[in-house]
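Asks: Got a structure for you, written out below as structure tokens; questions coming shortly.
What follows is calculated from the coordinates using simple rules that are stated; it is not laboratory data. Source: prediction; values computed, not measured. Positions of Cβ are backbone-derived with ideal geometry, glycine not excepted, and every protein chain shown enters the neighbour counts.
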């Protein structure tokens, strides 16, 4: 589904506060930014464009609404097939919903000193979200009907996924995980310098069972794991690199022995055993919620059945 990239202001429309986005302060409430014309309905203000990822990050089954703000007169730059380079003054906004209720909204603000990540938790009346620098645990009921201790990250934890060389950076809006029609609309609206050529795009998650097993699983691993499992990420010393553009089967874990064995490996010997997910460390860790074993380490308190199925199918179809 193409989401509009029409950014022209209309009479009476609410505008984004440039000071709130670019300034040095941390606004106490989400409404200070002016990102939404109607916050409760998540209706974006003028200049704020909704988007979706072909495969989204799993976050305990929460639904997510994504928006990008690019300041007037500025353009994002397409960098090959990967991450869009958003100019200073831009913002990425991501709202999490569970059971139809707003839980939190995380913002990434591109300021003069770099990117800043801030979490905002929604009030019970759903009218406002408040800055929660220390993070929070929220008791919810998950999509499976079971109690869920949902974690809102503190400001410093944001860097554990969004950190590259010690600096916060976006990880989501990569050209190969965005719809070509959306990119074309953004370029037509003057907010993107050009539409990048993508040689192979991540398939839509809702079409995963019809897609090639390797493409569905590789897309899932890129979104959920590759922000750490890359040559410059927090898990670089593992030698397991799960990015979409990685082509080396050993770096993808196929037939690869882990750098460190022991409890985290489940006494298994190989990261990915072709044709045998049950004896693959990658699948074992994805299927666990136990501290010291579970991967990803952060951002989940519940297993993702669909993600596990996709990865199991991929491994199962590999030739031994």
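Asks: For 280, 149, what's the fewest-to-most ordering of other Cβ within 10 Å of each Cβ?
Replies: 149, 280
Asks: Follow-up question, since we're still on this one. With an 8 Å cut-off on Cα pairs and a minimum separation of 6 or more residues, tell me the relative contact order of region 135-252 in percent.
Replies: So the answer I get is 15 percent.
Asks: Between residue 19 and residue 279, how many nm apart are label points set 7 Å from Cα along the C-beta direction?
Replies: 6.6
Asks: Hey, how many Å between the Cα centroid of region 37-63 and the Cα centroid of region 217-269?
Replies: Region 37-63 and region 217-269 have Cα centres spaced 29 Å from each other.
Asks: Next up: In nm, what is the difference between 0.36 nm times the number of residues separating residue 64 and residue 124 and their Cα-Cα distance?
Replies: Extending this stretch completely gives an extra 19.8 nm.
Asks: For region 162-237, what does the alpha-carbon gyration tensor say about shape, rounded, prolate or oblate, given a ≥ b ≥ c as the root eigenvalues, a/c under 1.5 as rounded, and a/b over b/c as prolate?
Replies: Note, shape of region 162-237 comes out oblate.
Asks: While we're looking at this one, here's another question. Which whole-number percent is the relative contact order of the chain (Cα, under 8 Å, 6+ apart)?
Replies: 15
Asks: Before rounding to the nearest 500, sum -39500 (n - 2.57) across all DSSP H runs of length at least 4 in the chain and divide by the residue total; then give [θ] at 222 nm in deg cm²/dmol.
Replies: -4500 deg cm²/dmol
Asks: Quote the relative contact order of region 18-188 in percent (integer), defining contacts as alpha-carbon pairs under 8 Å separated by 6+ residues.
Replies: For region 18-188, the relative contact order is 20 percent.
Asks: Largest first and to the nearest Å, give the Cα extent of the chain along each principal axis.
Replies: 63, 43, 36
Asks: If a/c stays under 1.5 just call it rounded; otherwise compare a/b with b/c (prolate if a/b is bigger, oblate if not). Do that for region 1-136, with a ≥ b ≥ c from the square roots of the Cα gyration tensor eigenvalues.
Replies: Rounded.
Asks: How do 218, 320, 137 line up, fewest other C-beta atoms within 10 Å first?
Replies: 320, 137, 218
Asks: Would you please give the FRET efficiency between residue 189 and residue 301, computed as 1/(1 + (r/R0)^6) with r the Cβ-Cβ distance and R0 = 35 Å, to the nearest 0.05?
Replies: Efficiency, rounded to the nearest 0.05: 0.35.
Asks: Still on this structure: Classify region 205-317 as rounded, prolate or oblate from the Cα gyration tensor: take a ≥ b ≥ c as the square roots of its eigenvalues, call it rounded if a/c is under 1.5, otherwise prolate when a/b beats b/c and oblate if not.
Replies: Rounded.
Asks: Say R0 is 25 Å: what FRET efficiency, to the nearest 0.05, do residue 40 and residue 138 get from their beta-carbon distance?
Replies: Calculated transfer efficiency: 0.85.
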